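The values are calculated or read from the model by the stated rules, or taken from the named source; none is laboratory data. Note that the coordinates shown come from a computational prediction; the quantities given were computed from them, not determined experimentally. Here Cβ is always computed from backbone atoms with ideal geometry, including for glycine, and neighbour counts include all displayed protein chains. For the accessible areas, the whole protein counts, side chains as well, though only heavy atoms, and no ligand, DNA or RNA atoms are used. Shrake-Rupley method; radii C 1.70, N 1.55, O 1.52, S 1.80 Å.
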Amino acid sequence: MSGGLKRRDFLKLVGVGGAGLALSSCKKETEKLIPFVQQPEDIIPGIPTYYASSCRDCAAGCGLVVKTREGRVIKLDGNADHPVNRGGLCARGHGALQDLYNPDRLRTPVKKNGSAWDKISWDDAIALLAQKAKAAGARTAVLTGHETGSVDALIGEWMKALASPHHLRYEAFGFEPLREATRIAFGKAVVPSYHFDKAKLVFSFGADFLQDWTSPVKAARGMADARGGKSDGQRYVAFDARPNLAASNADEHVSIKPGSDMAVALGLLHVIASENLGSVPGGAPAGFDPASVEALSGVKQDSLKRLAREFAKTRPGLAVAGGVATQGDNATALCLAVHLLNAAVGAVGTTVDLDGAMRMENLASARDLVELGKKMAAKEIELLVVYGPNPLYTLPRSLAFQAAMQAVPFKVSFARQLDETSELCDLILPVSHPLESWDDAEPVAGVRNLMQPAMRPVFGSRSAGEVVFAAAKQNGATPRGADFLGYMQEQWKGAQSGGDFDAFWEKAVQSGGVWNPPAAQPHGFAGTVNVKWAAPKLQGSDSDPVLMLVPTAHMYDGRGANKPWMQEVPDPVTKTMWHTWAEISPTMAKKLGVTEDGDLLDIEGLEEKLNVRAYIHDGLRDDVVAISLGQGHTSYGRYAKDRGVNAMTAMRPVMDEASGALAFMQARAKVTRAGGHKKLSLAQGGSDQLGRGIAQTVTIDELLHPKPAPKYPGNDDFEVEGTYVPNYKKEYEKHPLSGNPMMTKHRWGMAIDLDRCTGCSACVTACYTENNIQIVGENETWKRRDMGWIRIEKYLEHGADGSVEVRMVPMACQQCDNAPCEYVCPVYATYHNPEGISAQIYNRCIGTRYCANNCPYRARKFNYQEPVIPEPLNWQLNPDVTVRSKGVMEKCSFCIQRIRVGRDAAKDEGRDIKDGEVVTACAQSCPTQAIVFGDQNDPGSRVSQIAKDPRGYKVLEILNTQPNIHYLKRVRREAAKV
Amino acid sequence: MKTYFLPLTALAAVTILAAALSGCSPARGSETKDGLITVPASEHGNPSSAPVQPVDYRHSIHAGQYKIPCLYCHSYADKSPVANVPAVSTCMNCHRIIAGSTPYNQQEIAKVVDYWTKGQPIPWVSIHRLPDHAYFSHKRHVKAGMQCQTCHGPIQNMDHVYQYSSLKMGWCVTCHKANLHNAQFATSIDCYTCHK
């Protein structure tokens, strides 16, 4: 200031007194700079190195780009060239990092000694395994997860050497009914690939294809590409008793009685057949005329007819069914009925792909596993090797798999950390994470993924392939190649179409595999319809609600529970964190006297009574109660253990006889208020927009004939007088940076297309990984102290007919040009940067929290505690982002560290930053590309183009905050008039 | 003098102290041959602050006497934010052949060879330390034509390296302010330039 004292000098003076005292007693701590011994060629300190790999967290097999810094993996991104995910990555995919760096990972092989574990060396452990296998011979059994690559082939060779037939691949969510139905209908026991991008109309029957069903990222991207704001975009109708994530995205959500999915599908077929709208194999299913279906499902005859006509006439169409939540003892029949729908409209070969199908044909069913259990109990198995599945967590307790395991004299687990199953084993070989090892997989026919070690093992682990290779050799098998990598290369020679193998291999490693899925061929219905169309049998009284067991996006079959991100990032459907919940409808809540989320419920109906925290789910039917799966671990590390309940072990051993799958929908439940209340962490308070127009939609009619929409929803008479010049503009005119060529070039902005967004929360997780956002734990999330910089807000719109429309909005800092947060900061820790970002300078912040109080978007998060990051989880931290400490406010920075990298690269080449060169973590991860980031000063940039879309609006514009995030309204595709 | 971004008038204390202290800010630095502002002598680090290193390595011999370019060892200073402490293998490029001319030098070089044969890194004591919340890129500064000595001092004369510049924010900003409108290498004083 003119003639005055600078603020900084003043603070210096104030500080001097205290510092003088403090300094006299402290000695500077010496830090060491440890260089390399031998300079590696591909690592430059400070510059990331990228490796191609692929995700192994579910059967989809998405391609990955692994970002490493100084030899450590710090971030996963989708591989844009991969045919499955095309650049997106779901929340669980990001979570793999916390599997890699999990603090509860085993450090060395351990051998059980009474109730204790003795450490043994790797060589001794493998020798012991081989010795036990030699002794057991044909009585060796190997149980793996979904393995389709070289490890699987190698285990095959090992088992051949041992002359053992017991080689099982099992997944708790293994889609047995879908595979069996596909076999009956088309003669191939595969899980088809579904091309959502080609469908004009999608019908789903309980399949949550956006979170846990077959290939969620592929489905989401396909759907978004088919919709994406187009007036003639795909329409999606969901038939479901519970609005799961996919159904929450439906244009039309047809609420049906739980378990009546099959009846509805057959009813549609009945209409199509009787009105001659398509060739229905087997003709109109008897007993499923619209009147009967209305009685069975509650779907009005008119609606059923309308939808059947629409499905038959809108081609290409696609119908999908199955998934855990609706898997009753008629699951195969349901999947078959839906296959008939696809066949009737000729979808097989266009939207339903049996040729480029998911390679799950070798997966065993739950019944196969139970058969193995019987052999184990009968002492026919002497050695059991488990690699992957956790049957003691996923199988009903009454199947007595635990007793069966105990009857096996020696059990070996290839586990990274102790879980329910490995706790019971005698020898544990802590195998490497896929990011630390050579591995391969073929998730989809013709799509061969290759995984390479992106870093040295965190602990001295060895890859499963290496271990099996060594053991197999000691047992007399003669796998080709000198080691597992050599063996793998031998396997890959088959994928090569001539030429030099080394060059082929190098290219495959570099790109993450070789992807040549065959083109889909049309397939006609090849079977005979010889099925008893029966509704699922449900235990319990008919007046009780049906109990649905629902998998969640983050937990999947329970494998997500050991990762703090998966616990703390709110569930996309319910916005709950860190616990199991039981969903009841508001009406049922009233009836039971449940006034608040978290009131305890007793749920009887399964073999064991469950005590669960209630979640009042607006939009759920009154005849349904749903319990989330994935929690209730009794082992599996500090983040998973003793948290919530596990409904899977409490189930009755009911099977879908046709496919041998477990029937997850098996009972009606007696729900009672247990008394007592435990807090349930929720990320969002209310679901009512209160007329603020946060999540806006537009109908097709409005899209085609745009009318001037109210700029300020709920305040139609509001007008701004004159032209408002935001504060920052006035300030920068006087500012020394004005005219500075470095700082006035760009104006960063973001566009979020709500017609693409599915609310899957991948962006939230990506932001956690990129920006070192701390995990606060359950006790803090109760107090709404979760730290996510971006969140998905979920709003409900109640129709006059009782329908509930779900609207999801990603909400991050809006980087307002006229930011209310900025001018209340007493220490200028937050200010508007000349490129349009509302910046937060952590070391300047003194934590008054005025800014957070003044932010209308709740975008600012305060560090109420020091981050707790147990070793080696801290290895994942992004070195380009400060780890914030207690007492500091933080918020979205538009990934300033990525802008910096983009600017750096541009300066090196003496050019401007190109559009698309800088991508924020949320935008990069988004499976549907709903988020676009770029420079608003560049008229040709995608964000500038999208901002001009007539669907565009800004949130809470009436507050004159002048946000830099443009939202595009979701398009409501109402029922066609057929 | 000017404060940036918003005028500061709220703190009463400032106005009280203002009169007493006005004009205290020292003139900072002088022009150097690369056109940038150097650190005033009064702010130089003290040579006696140089720590004892595990090997008595002399920049005065390598960079001074033999004129080995800085980038030979600090090979990433123009490629990465991090300048890179050379790997032991880099030392051995020369010291496979050069064993030293004096008994003392021979003894110190033998230590390097010993680290190499044992396959161990040399545990150098860190001299410069930027706080975790600050981003600094060697590359950008080297590419802008800055001499290493501008910040690191007359390194070619130093027997033992010490921290020459304060590395305080005020020190950074002095130079950044002076070059805000530099036609070729404009700087920025936006907080987000360095604060991460």
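For the stretch A:478-513, enumerate the residues that are open to solvent by less than 30 Å² (accessible area, probe 1.4 Å) and under 16 Å from A:Asp81 (Cβ atoms).
A:Ala508, A:Val509, A:Gly512, A:Gly513
Could you go through the stretch B:70-86 and let me know if any residue there is away from every other protein chain (no Cβ under 14 Å), at negative phi and either surrounded by 15 or more Cβ atoms within 10 Å (Cβ to Cβ) or not in a helix (DSSP H, G or I) (or both). Give the steps one after another, and end with the answer.
Going through the stretch B:70-86, the residues away from every other protein chain (no Cβ under 14 Å) turn out to be B:70.
Next, from what is left, pick out any that are at negative phi: B:70.
Now drop any that are not either surrounded by 15 or more Cβ atoms within 10 Å (Cβ to Cβ) or not in a helix (DSSP H, G or I) (or both), which leaves B:70.
Yes, the stretch B:70-86 contains at least one residue that is away from every other protein chain (no Cβ under 14 Å), at negative phi and either surrounded by 15 or more Cβ atoms within 10 Å (Cβ to Cβ) or not in a helix (DSSP H, G or I) (or both).
Quick one: A:Asp104 ticks every box in (1) surrounded by 21 or more Cβ atoms within 10 Å (Cβ to Cβ); (2) assigned to a loop (DSSP other than H, G, I, E, B) except a single one, so which number is it?
(1)
Picking from A:Thr576, A:Thr634, which residue would you name as being open to solvent by 40 Å² or more (accessible area, probe 1.4 Å) and of a type in the set (Ser, Thr, Tyr)?
Only one candidate qualifies: A:Thr634.
If I ask for residues that are open to solvent by 20 Å² or more (accessible area, probe 1.4 Å) and touching a helix residue (DSSP H, G or I) at 6+ places or on another chain (Cβ under 7 Å), which ones from the stretch A:291-301 would you list? Steps first, please.
Here is the first cut: in the stretch A:291-301, the residues open to solvent by 20 Å² or more (accessible area, probe 1.4 Å) are A:291-292, A:294-296, A:298, A:300-301.
Passing the criteria: A:Ala291, A:Glu294, A:Leu296, A:Lys300, A:Gln301.
Cβ-Cβ distance below 7 Å, separation of 6 or more or different chains: which pairs start in the stretch B:120-144 with a residue that is surrounded by fewer than 16 Cβ atoms within 10 Å (Cβ to Cβ) and end on one that is acidic (Asp, Glu)?
Close Cβ pairs satisfying both conditions: B:Ser126/A:Glu31; B:Arg129/A:Glu31.
Would you confirm whether any residue within the stretch A:593-601 is free of Cβ contacts under 8 Å to residues at least 12 places away in the same chain and not assigned by TED's automatic domain parsing to the domain that holds A:Leu399?
At the first step, the residues of the stretch A:593-601 found to be free of Cβ contacts under 8 Å to residues at least 12 places away in the same chain are A:595.
Of the ones still in play, those that are also not assigned by TED's automatic domain parsing to the domain that holds A:Leu399 are A:595.
Checked the stretch A:593-601: at least one residue is free of Cβ contacts under 8 Å to residues at least 12 places away in the same chain and not assigned by TED's automatic domain parsing to the domain that holds A:Leu399.
Go through the stretch A:492-504 and report how many residues are in a helix (DSSP H, G or I) and over 31 Å from the mean Cα position of the chain (by Cα).
Going through the stretch A:492-504 one residue at a time, the tally reaches 6.
Quickly run through the stretch A:563-578 and pick out the residues that are in a helix (DSSP H, G or I) and touching an Asp or Glu at 6+ places or on another chain (Cβ under 7 Å). Steps first, please.
The initial filter retains those residues of the stretch A:563-578 that are in a helix (DSSP H, G or I), namely A:564-568.
Within the stretch A:563-578, just A:Glu568 meets the criteria.
Restricting to helices (runs of 4 or more DSSP H) lying wholly in the stretch A:141-251: which have 2 or more residues that are closer than 30 Å to A:Gln474 by Cβ? Talk me through it step by step, then tell me what you get.
Numbers: elements: A:150-161, A:176-186, A:216-226, A:245-248.
Because the criterion is at least 2 residues that are closer than 30 Å to A:Gln474 by Cβ, the helices (runs of 4 or more DSSP H) in the stretch A:141-251 that meet it are A:150-161.
Could you tell me whether any residue of the stretch A:668-676 is assigned to a loop (DSSP other than H, G, I, E, B) and β-branched (Val, Ile, Thr)?
no
Only one of A:Gly916, A:Gly934 is closer than 22 Å to A:Ala80 by Cβ, touching a Ser or Thr at 6+ places or on another chain (Cβ under 7 Å) and among the small types (Gly, Ala, Ser); which?
Numbers: A:Gly916 fails: touching a Ser or Thr at 6+ places or on another chain (Cβ under 7 Å).
After ruling out the rest, the residue left standing is A:Gly934.
Quick check on my filter: what residues within the stretch A:814-847 are open to solvent by less than 20 Å² (accessible area, probe 1.4 Å), among the polar types (S, T, N, Q) and facing chain B (nearest Cβ under 10 Å)?
A:Thr830, A:Asn833, A:Gln840
Which condition from (1) without any contact (Cβ under 8 Å) to a residue 60 or more places away in the chain; (2) open to solvent by 20 Å² or more (accessible area, probe 1.4 Å) is the one that A:Pro879 breaks?
Going through the list (1) without any contact (Cβ under 8 Å) to a residue 60 or more places away in the chain; (2) open to solvent by 20 Å² or more (accessible area, probe 1.4 Å), A:Pro879 breaks only (1).
With respect to A:Leu620, determine if the residue is of a type outside the set (Phe, Trp, Tyr), buried (at least 17 other Cβ atoms within 10 Å of the Cβ) and out of contact with any Asp or Glu (no Cβ under 7 Å at 6 or more places or on another chain).
Considered against the rule, which asks whether it is of a type outside the set (Phe, Trp, Tyr), buried (at least 17 other Cβ atoms within 10 Å of the Cβ) and out of contact with any Asp or Glu (no Cβ under 7 Å at 6 or more places or on another chain), A:Leu620 comes out as no.
Can you find, within the stretch A:40-74, the residue that is modelled with the lowest pLDDT among those that are assigned to a loop (DSSP other than H, G, I, E, B), farther than 15 Å from A:Asn85 by Cα and aliphatic (A, V, I, L, M)?
My answer is A:Ile43.
Sort out which residues of the stretch A:31-50 are out of contact with any Ser or Thr (no Cβ under 7 Å at 6 or more places or on another chain) and either open to solvent by 40 Å² or more (accessible area, probe 1.4 Å) or more than 7 Å from chain B (Cβ to nearest Cβ) (or both), and write them in order of number. Walk me through it before giving the result.
Residues of the stretch A:31-50 that are out of contact with any Ser or Thr (no Cβ under 7 Å at 6 or more places or on another chain), as a first pass: A:34-36, A:40-41, A:50.
Of everything in the stretch A:31-50, those that are out of contact with any Ser or Thr (no Cβ under 7 Å at 6 or more places or on another chain) and either open to solvent by 40 Å² or more (accessible area, probe 1.4 Å) or more than 7 Å from chain B (Cβ to nearest Cβ) (or both) turn out to be A:Ile34, A:Phe36, A:Pro40, A:Glu41, A:Tyr50.
Take the stretch A:78-88 and flag every residue that is surrounded by fewer than 24 Cβ atoms within 10 Å (Cβ to Cβ) and in contact (Cβ under 8 Å) with a residue 24 or more places away in the chain.
Matches in the stretch A:78-88: A:Asp81, A:Pro83, A:Arg86, A:Gly87.
From (1) farther than 27 Å from A:Pro536 by Cα; (2) in contact with a strand residue (DSSP E or B) (Cβ under 9 Å, 6 or more places away or on another chain), pick out the condition that doesn't hold for A:Tyr636.
(2)
Which numbered condition trips up A:Tyr850, out of (1) open to solvent by 50 Å² or more (accessible area, probe 1.4 Å); (2) free of Cβ contacts under 8 Å to residues at least 24 places away in the same chain; (3) within 14 Å of another protein chain (Cβ to nearest Cβ); (4) of a type outside the set (Asp, Glu)?
So the condition that A:Tyr850 fails would be (2).
What number of residues in the stretch A:641-661 are closer than 18 Å to A:Leu610 by Cα, open to solvent by less than 20 Å² (accessible area, probe 1.4 Å) and touching a helix residue (DSSP H, G or I) at 6+ places or on another chain (Cβ under 6 Å)?
Result for the stretch A:641-661: 2.
Considering the stretch B:150-193 alone, what residues qualify as being charged (D, E, K, R) and in contact with a helix residue (DSSP H, G or I) (Cβ under 6 Å, 6 or more places away or on another chain)?
We begin by selecting, within the stretch B:150-193, every residue charged (D, E, K, R); these are B:159, B:168, B:177, B:190.
Within the stretch B:150-193, B:Asp159 is the sole residue that qualifies.
Look at the stretch B:151-196 and say how many of its residues are open to solvent by less than 50 Å² (accessible area, probe 1.4 Å), small (Gly, Ala, Ser) and modelled with pLDDT under 85.
Result for the stretch B:151-196: 1.
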